[in-house]
Amino acid sequence: MSLWDDIKALAEEVKAPLTGLSITDSYSRQPRVTIQYPDVRRPLSRRARWRHVLNRYENGLEKCIGCSLCAGACPANAIYVKAAENTAENRVSPGERYAEQYEINMIRCIFCGYCEEACPTQAIQLKDIYELADDERKDLIYTKEMMLTPAPEEE
Amino acid sequence: MDFSQFSHIFWSVPTNEVPAADWWIDVLRAFVRILVPVFFVLLLVPPLVWFERRLLGFMQQRQGPNRVGPEGIVQTIADGVKLLMKEDIIPSNVDRTLYVLAPIIMLIPALVTAGVLPWHPSLVWGAGAPNVDIGVLYLLAWSSLAVYGVVMAGWASNNKYALLGGLRSSAQMISYELGMGIAVVTVVLISGALSVRDIVFDQSAYGWIKDAAHTTAHHAAYTWGIVHKPWLGFLNPWHVAQFFPMGFVAAFIYVVAMLAETNRSPFDLPEAETELVAGYHTEYTSMKFAMFFMGEYANMVVVSAIAATLFFGGWTTPIAQLDQWDNTAVGWIIPAAMISAKIGLGLYFFVWIRATLPRIRYDMLMSFGWKGIFPIALGNLFCVAVSLTAGYWAGLAVWIVLAVGALLIVANLDSTKRFTEKTRRRSVLGLYASAQPFQMPLVKTSNGAPPVDGRTAAEELVK
Ligand code: SF4
Ligand code: SF4
């Protein structure tokens, strides 16, 4: 390398910190990429498997017929279903029976989605509700009331 | 004595004209006056920490603290309370006296140095100690004391990492103090004054000139007049622009040395996390750690104030005609606002540098100090001396000869040749240029509550 090339290389070394300063300065005026979580949420994929939801038909009847197939399919033994008969005056689901008590232990659940696959009526679905933290173990056993979608309003 | 007489003496009578019987008013005034810079520096530390973290965040496309209080400005208070609540541990094998003394010694020099830095030309209320004849020596003496805190902390902690941190710090500070001292001497040469007040006067065009007839041993009197011709008719002759390249080089050397003196990036070797845990304050917790922290940030404020005072005109405005320092409210606000703004810019520079430059290797740090900063400062000082005796053009000629000669010698060194053959600067820069910042589409939801149907957000995106 000639002397002139060496001087040019040295000049580049001197220029380098200034280039760096201009880069950081320009970045300080660019939009920030932080997603401010509780205020702004990042959309999850359609197939996200988080908390379960118990669905209803459009007329307000529950889809779950209390068949316990989900409990049987569950590899973690997280589901407890206690069925009861539908009667004429107390009709909860279209079938013969309905789930009187339906609990999922979110501590045991591994969010595998087998319950969703096993269900014959698509009553149970895993959705993208992911804020499941709690400071009490008992509160992590979700009951039917907690997971059931709200009934459509009477018209 | 009635109150109006007291307040007259208290607010506007210079020290040497206070009636002998009322000496206590002067003493009282000195106490109150010295509290101003101390509180200025101490109260600036929490917002400064917030400012640094927030600005660092912006420069890395993050948010920085923005939760506690408006824009997160109270975050530092919360952190401080957390620090105070923590258990104060003194490890069993430390040298207790030195261990407890170290954080105090770290903090005090910063507060004491701030005392002589003026925010107004007034001899009554212009600075913590407005009329120190050897202000510059005082600054140099105190600013080099902070290193004792670091070394003592490292020694007393009985911890090898802390000791290494302390040793690094002392070696680094001693090396860079030379360059810094020579840069300051350059200023002393240019202005011909050791008093900080006179140095600032020297940087204003329409200023008060020293009135030899009225100057007493304890009180330099000034009368209004044109000290220098303003540049281009309106610019104040700040030292950074005096004798063109030389004042600038001196300012540059001071700025580099001040980064090293405050142990700030890229010279933060004494607390290099990757090598030394936390360096000299590894063993400190709670209040003592908070004091180290405060000392570091107070030091930042003070060195930028010194840089502003010595090189960037102190309380003078850039435009000479705007300078006002009579005894009206405007005459007090403009100088104080100017020096505060300059300190603020200095702090911005500190953070900016920290966001940009990586920490340098220790041997590079030392060779940069001894083979770079020190000889450049010396040569520069020589050129300033030539300019003062033989005129600016002679000084400039000497400067150019020295600079070209040094450049040729450096470019011909074997080590430079080895370096330039291997440098990969171009390819690395290309990589950086092609990297794109990460982006993500955002969906607004209500504050805190999860959406009722968890899938709405995702479905909106699909539509
Ligand atoms: S997701 Fe898997 S583990 Fe969880 S309840 Fe359903 S089947 Fe059981
Ligand atoms: S959720 Fe589905 S599988 Fe489980 S009990 Fe109800 S209907 Fe049966």
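Data for the structure
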{"read-out": "Cα centre as origin, Lys/Arg/Asp/Glu Cβ charges: segment A:89-155 dipole, Debye", "value": "360"}
{"read-out": "Nearest-20 debye value, segment B:54-213 charge dipole, Cβ charges on Lys, Arg, Asp, Glu", "value": "540"}
{"read-out": "Ellipsoid equivalent to chain A - semi-axes via the Cα gyration tensor, in Å", "value": "59, 17, 14"}
{"read-out": "Shape box of segment B:268-308 [Cα atoms, principal axes, largest first, Å]", "value": "34, 23, 9"}
{"read-out": "Segment B:338-428: C-alpha gyration tensor shape, a/c 1.5 cut-off, then a/b vs b/c", "value": "oblate"}
{"read-out": "Global geometry of the protein assembly as shown, whether rounded, prolate or oblate, following the gyration tensor of its Cα atoms and the 1.5 cut on a/c", "value": "prolate"}
{"read-out": "For chain A, Cys with no neighbouring Cys Cβ under 4.7 Å", "value": "A:Cys64, A:Cys67, A:Cys74, A:Cys109, A:Cys112, A:Cys119"}
{"read-out": "Rough spin-label spacing in nm, given labels placed 7 Å along Cα→Cβ, for A:Asn105 and B:Val38", "value": "6.4"}
{"read-out": "Electrostatic dipole magnitude of the protein assembly as shown [Cβ: Lys, Arg +1; Asp, Glu -1; Cα centre; debye, to 20]", "value": "1560"}
{"read-out": "Carbon/sulfur fraction of accessible area - segment A:49-155, other protein chains in place, 1.4 Å, %", "value": "46"}
{"read-out": "Surface per residue (accessible, 1.4 Å probe) for the protein assembly as shown, Å²", "value": "52"}
{"read-out": "Förster-model FRET efficiency, 60 Å R0, B:Leu322 and B:Lys417, C-beta, rounded to 0.05", "value": "0.70"}
{"read-out": "Relative contact order computed over segment B:270-362 (Cα-Cα under 8 Å; 6+ residues apart), in percent", "value": "22"}
{"read-out": "Total accessible area lost when A and B pair, probe 1.4 Å, Å² to nearest 100", "value": "4200"}
{"read-out": "Residues of type aspartates and glutamates that A:Lys15 reaches as a straight line, Cα spacing below 18 Å, ignoring anything fewer than 8 places off in the same chain", "value": "A:Asp5, A:Asp6, A:Asp25, B:Glu421"}
{"read-out": "Complex-versus-alone comparison for segment B:14-58, residues with a loss of 20 Å² or more in accessible area, probe 1.4 Å", "value": "B:Phe58"}
{"read-out": "Potential lengthening between B:Ala78 and B:Ala394 on full extension [0.36 nm per residue; Cα-Cα distance subtracted]", "value": "108.0 nm"}
{"read-out": "B:Arg264, A:Arg97, ranked by accessible area, largest first (probe 1.4 Å)", "value": "A:Arg97, B:Arg264"}
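The values are calculated or read from the model by the stated rules, or taken from the named source; none is laboratory data. These numbers were taken from a predicted model, which means no experiment stands behind them. Every residue, glycine as well, gets a Cβ built from its backbone with ideal geometry; the counts of neighbours run over all protein chains shown. Quick note on the areas: whole protein, heavy atoms, side chains included, nothing else; ligands and nucleic acids left out. Shrake-Rupley method; radii C 1.70, N 1.55, O 1.52, S 1.80 Å.
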